[in-house]
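Enquirer: First the structure, then my questions, so here it is.
The values are calculated or read from the model by the stated rules, or taken from the named source; none is laboratory data. Since this is a predicted model, take the numbers as computed values, not measurements. Every residue, glycine as well, gets a Cβ built from its backbone with ideal geometry; the counts of neighbours run over all protein chains shown.
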Amino acid sequence: MLNSHQETTPGPEEEPSAEYVLHLYITGATPNSTRAVRNIKAICEQHLRGRYELLIIDIYQQPALAKREQIIAAPTLIKKQPLPLRRLIGDLSEEKKVLEALGLPDLPLSNSHE
Amino acid sequence: MQDHNATSLVSLPQLPKAPTGIDGLDEITEGGIPKGRPTLVCGSAGCGKTLMGVEFLVRGILEYDEPGVLMAFEETAEELTANVTSLGFDLNGLQAAGKLRIDHVHIDRSEIEETGEYDLEGLFIRLGYAIDSIGAKRVVLDTIESLFSGFPNQAVLRSEIRRLFRWLKDKGVTTVITAERGDGSLTRQGLEEYVSDCVILLDNRVIDQITTRRLRIVKYRGSTHGTNEYPYLITQEGISVLPVTSLLLNHEVSDELVSTGVPALDDMFGLKGFYKGSSILVTGTAGTAKTTLAAGFANEVCAKGGRCLFFAFEESPQQLVRNMNSVNIHLTPWLENGQLVIEASRPTLNGLEKHLVTIHKQVSIHKPDAVVIDPISNLITVGNIAEVRSMLTRLIDFLKVNNITALFTSLLSGRNERQEMTEEGVSSLVDTWISVRDLEGIGERNRGISILKARGMAHSNQVREFIVTREGIQLLDVVIGPEGIVTGASRLTQQLHEQAQARAARLELERKDRELARKRLVLEATIANLRTEFESVEEELRQISYEEQFRQRPSNGRNPLADAAEGGQSTTSADQ
């Protein structure tokens, strides 16, 4: 549940590997966190299939990261790439807002982002 | 302070308190802020809220060995560190020593998008992590209200802040939360609703172009506390809330005596001087040699081997030294060997509190036996009378508690020389009150000195005329004329008059002596004359008697004729 795609530590930066680099900071298995994970996965699969890198981090286990990444609210999704950096707080249930913040058009399966 | 606490702790256990280590604040709060509970510090911009928070942490670490966490919402760790370096706080060193954690919480509204339900657990985790990593006992949240700018959902925010304070309380850390002052409420976001254990309000007021910062404890649940507004300062050593040193009058007193520096003035006091540790007020109108008296006193203290601190609000040290040289008070040697320190500044340089703190600081540095403030009346230009009075009360208390003899001069305005209250109203606070005044007569002005009060000793009731000469201050003997005590030219007149009288009396005496001598001569001459006369009469009588005897010897039967002649003569004379 916690670490679905990669290991929690975002060790060596592999930026060119994916167009979208998203870090989701959650707080254990709280309802908000669970919902957030489910929602972001759905959105990514739906809109960014194959060109995203999602990292889910439990800040209970990595409290030092919370400081480094300036996490205040939980859950928080940080869009690292592409710039500008955005922080999406909340359980990501408002899909329209999420897409807007991620810079994705609100059209299902529209691949042309550039 | 410690003693005071000890005595008040006799019966029931008091609310545990965490001493802040901030100068004066622990006195007002009677021991510190509530231990293990949140305290709200609110105030407008520039009040020193952040500084108070930082100082609370630093002093906690240095003086009470309580590690601390600073969660800064407005400034980065670097900025904070740089800001407080000037106060001698080494945040980097403390961080390296594992005593301090600074966590800068960066909030950028433009980056944040709300996309559903959330809480502030991230903040809790960070704080919890920081606290646990160093075993912190103290936490400062510097302007947590910044959260309100970053997170639009107020309902969530408020409930989370409430939860945060609860959580901090449960963790048992003493927390200081700073908040911006709001309109009509203590804080802009109404944080006082959540933090209800202790609320400290800081205020920054400009009155007549002089800024005064004030601190007030709005509430302190479960404890008594000072309720007034206390001025406080941000000094080079951090925040200093003004010393409310002795709220009780129970200081030690001394029986030692200190000379006034003018021998004749000493004589006016029953015990030949002031008590050490007492406070003396010298009042007088302009030009009545108050400063000279003060300098004379300072000189005397130094000459006896003591240390003196002289606050001059009118003259520069150089000017003072030069002027006093002209009246044979030489301050230079004392200045050179450090026994005398002259602190000269314009009263308007600082607010009253700053002056008070300067005095406190200088006193703690120089540890003087006597302090002279010349004059206190000038401080009125800085604050209103009530403020000056309260400042002077504190000052006099402070000096008394430290057994420092204090001499203040005060200028009285114009005509109301006999005013029983000086403008500052300190006359009831001082132990000895000397009044110097003009005795204005016909065409001249003389100085008179008198003792209005001297607690604890007999004193002269006379108004003595004194003159400032090249040899210093001299008190003249009292001259009583036909209409009371006379001074100045009248004194001269009186003296001349007396001299003339004495001379006349002497001449009169001489004349009488001579008269007597003459009379004696006359009498003696008369006696001699009489004696001569007597002698001649005596001789004549003797002659007659001789002749008589001579005549009677032959007439024994031999010269009846002569007898008859005698008899015949006597009969004829009887017939006539």
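Residues checked against (1) farther than 25 Å from residue B:167 by Cβ; (2) in the same structural domain as residue B:173 (by TED's automatic domain parsing); (3) crowded, with 19+ Cβ neighbours inside 10 Å:
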site: B:196; (1), (2), (3): no, yes, no
site: B:199; (1), (2), (3): no, yes, yes
site: B:202; (1), (2), (3): yes, yes, yes
site: B:213; (1), (2), (3): yes, yes, yes
site: B:225; (1), (2), (3): yes, yes, no
site: B:228; (1), (2), (3): yes, yes, no
site: B:231; (1), (2), (3): yes, yes, yes
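Enquirer: Evaluate segment B:151-164: report whether one residue or more is away from chain A (no Cβ under 14 Å), in contact (Cβ under 8 Å) with a residue 60 or more places away in the chain and assigned to a helix (DSSP H, G or I).
Expert: Looking through segment B:151-164, none of the residues is away from chain A (no Cβ under 14 Å), in contact (Cβ under 8 Å) with a residue 60 or more places away in the chain and assigned to a helix (DSSP H, G or I).
Enquirer: Tell me the residue from B:473, B:480, B:485, B:527 that is hydrophobic (A, V, I, L, M, F, W, C) and modelled with pLDDT of 90 or more, please. Give the derivation first.
Expert: Numbers: B:473 fails: modelled with pLDDT of 90 or more; B:480 fails: modelled with pLDDT of 90 or more; B:485 fails: modelled with pLDDT of 90 or more.
Only one candidate passes the filter, namely B:527.
Enquirer: Kindly indicate whether any position in segment B:103-116 is at pLDDT 85 or above and either farther than 30 Å from residue A:98 by Cα or of a type in the set (Ser, Thr, Tyr) (or both).
Expert: no
Enquirer: Determine if segment B:183-193 includes at least one residue that is of a type in the set (Gly, Ala, Ser), within 9 Å of chain A (Cβ to nearest Cβ) and farther than 25 Å from residue A:87 by Cα. Let's see the steps before the verdict.
Expert: Just the residues of segment B:183-193 that are of a type in the set (Gly, Ala, Ser), to begin with: B:184-185, B:190.
Of the ones still in play, those that are also within 9 Å of chain A (Cβ to nearest Cβ) are none.
Checking segment B:183-193: not a single residue is of a type in the set (Gly, Ala, Ser), within 9 Å of chain A (Cβ to nearest Cβ) and farther than 25 Å from residue A:87 by Cα.
Enquirer: Now, a different point. Residues of segment B:108-145 being at the interface with chain A (Cβ under 9 Å from one of its Cβ atoms), β-branched (Val, Ile, Thr) and not in a strand (DSSP E or B), which ones?
Expert: B:115, B:125
Enquirer: I would also like to ask the following. Quick check on my filter: what residues within segment B:86-106 are of a type outside the set (S, T, N, Q), surrounded by fewer than 18 Cβ atoms within 10 Å (Cβ to Cβ) and more than 7 Å from chain A (Cβ to nearest Cβ)? Write out each step before concluding.
Expert: Filtering segment B:86-106 down to residues of a type outside the set (S, T, N, Q) leaves B:87-91, B:93-94, B:96-106.
Keeping just the survivors that are surrounded by fewer than 18 Cβ atoms within 10 Å (Cβ to Cβ) gives B:87-88, B:90, B:93, B:96-98, B:106.
B:87, B:88, B:90, B:93, B:96, B:97, B:98 - these are the residues of segment B:86-106 that are of a type outside the set (S, T, N, Q), surrounded by fewer than 18 Cβ atoms within 10 Å (Cβ to Cβ) and more than 7 Å from chain A (Cβ to nearest Cβ).
Each row is one residue, and each column tells you yes or no for (1) closer than 27 Å to residue B:17 by Cβ; (2) free of Cβ contacts under 8 Å to residues at least 40 places away in the same chain; (3) of a type outside the set (A, V, I, L, M).
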| residue | (1), (2), (3) |
| --- | --- |
| B:114 | no, yes, yes |
| B:117 | no, yes, yes |
| B:124 | yes, no, yes |
| B:128 | yes, no, yes |
| B:134 | yes, no, no |
| B:140 | yes, no, no |
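Enquirer: Kindly indicate the residue of segment B:278-306 that is aliphatic (A, V, I, L, M) and surrounded by fewer than 22 Cβ atoms within 10 Å (Cβ to Cβ) and also nearest to residue B:431 (Cα to Cα) among those meeting that condition.
Expert: In the first step, residues of segment B:278-306 are kept if they are aliphatic (A, V, I, L, M); the result is B:280-282, B:286, B:289, B:293-295, B:298, B:301, B:303.
Going one step further and asking which of them are surrounded by fewer than 22 Cβ atoms within 10 Å (Cβ to Cβ), we end up with B:286, B:289, B:303.
On the way: B:286: 23, B:289: 21, B:303: 23 Å.
Going through the qualifying residues, I end up with B:289.
Enquirer: How many residues does segment A:36-53 hold that are away from chain B (no Cβ under 11 Å) and closer than 15 Å to residue A:101 by Cβ?
Expert: First pass over segment A:36-53, keeping only residues away from chain B (no Cβ under 11 Å): A:37-38, A:41-42, A:44-53.
Okay, now just the ones that are also closer than 15 Å to residue A:101 by Cβ, so A:44, A:47-48, A:52.
Number satisfying all stated conditions: 4.
Residues are listed down the side, and each one gets a yes or a no for (1) surrounded by fewer than 19 Cβ atoms within 10 Å (Cβ to Cβ); (2) in contact with a Cys (Cβ under 8 Å, 6 or more places away or on another chain); (3) charged (D, E, K, R):
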| site | (1), (2), (3) |
| --- | --- |
| A:25 | no, no, no |
| A:30 | yes, no, no |
| A:34 | yes, no, no |
| A:40 | no, no, no |
| A:51 | yes, no, yes |
| A:64 | yes, no, no |
| A:73 | no, no, no |
| A:79 | no, no, yes |
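Enquirer: Looking at the structure I just gave you, is residue B:58 among the β-branched types (Val, Ile, Thr), touching a strand residue (DSSP E or B) at 6+ places or on another chain (Cβ under 7 Å) and surrounded by 23 or more Cβ atoms within 10 Å (Cβ to Cβ)? Step through it out loud before you land on a result.
Expert: Working: among the β-branched types (Val, Ile, Thr): yes; touching a strand residue (DSSP E or B) at 6+ places or on another chain (Cβ under 7 Å): no; surrounded by 23 or more Cβ atoms within 10 Å (Cβ to Cβ): yes.
No.
Enquirer: A follow-up question, please. Give all pairs with beta carbons closer than 6 Å in which a residue from segment B:462-490 that is under 20 Å from residue B:435 (Cβ atoms) and surrounded by 14 or more Cβ atoms within 10 Å (Cβ to Cβ) meets a residue that is modelled with pLDDT of 70 or more and of a type in the set (Phe, Trp, Tyr); count only pairs at least 6 apart in sequence or on separate chains.
Expert: As it stands, the answer is B:473/B:466; B:475/B:466, since those pairs meet every condition given.
Enquirer: In segment A:81-100, what residues are more than 7 Å from every other protein chain (Cβ to nearest Cβ) and either under 23 Å from residue A:34 (Cβ atoms) or of a type in the set (Asp, Glu) (or both)? Before the answer, list the steps.
Expert: Start the filter on segment A:81-100 by keeping residues that are more than 7 Å from every other protein chain (Cβ to nearest Cβ), which leaves A:81-84, A:95-96, A:99-100.
Scanning segment A:81-100 gives A:95, A:96, A:99, A:100.
Enquirer: Moving on. Touching a residue at least 40 places away in the same chain (Cβ under 8 Å), touching a Pro at 6+ places or on another chain (Cβ under 6 Å), of a type outside the set (Asp, Glu) and on the phi < 0 side of the Ramachandran plot: is that true of residue B:309 in this structure? Break it down into steps so the answer makes sense when it comes.
Expert: Values: touching a residue at least 40 places away in the same chain (Cβ under 8 Å): yes; touching a Pro at 6+ places or on another chain (Cβ under 6 Å): yes; of a type outside the set (Asp, Glu): yes; on the phi < 0 side of the Ramachandran plot: yes.
When the stated conditions are applied, residue B:309 passes them.
Conditions (1) assigned to a loop (DSSP other than H, G, I, E, B); (2) under 29 Å from residue B:323 (Cα atoms); (3) basic (Lys, Arg), marked per residue:
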{"residue": "B:465", "(1), (2), (3)": "no, yes, no"}
{"residue": "B:489", "(1), (2), (3)": "no, yes, no"}
{"residue": "B:498", "(1), (2), (3)": "no, no, no"}
{"residue": "B:503", "(1), (2), (3)": "no, no, yes"}
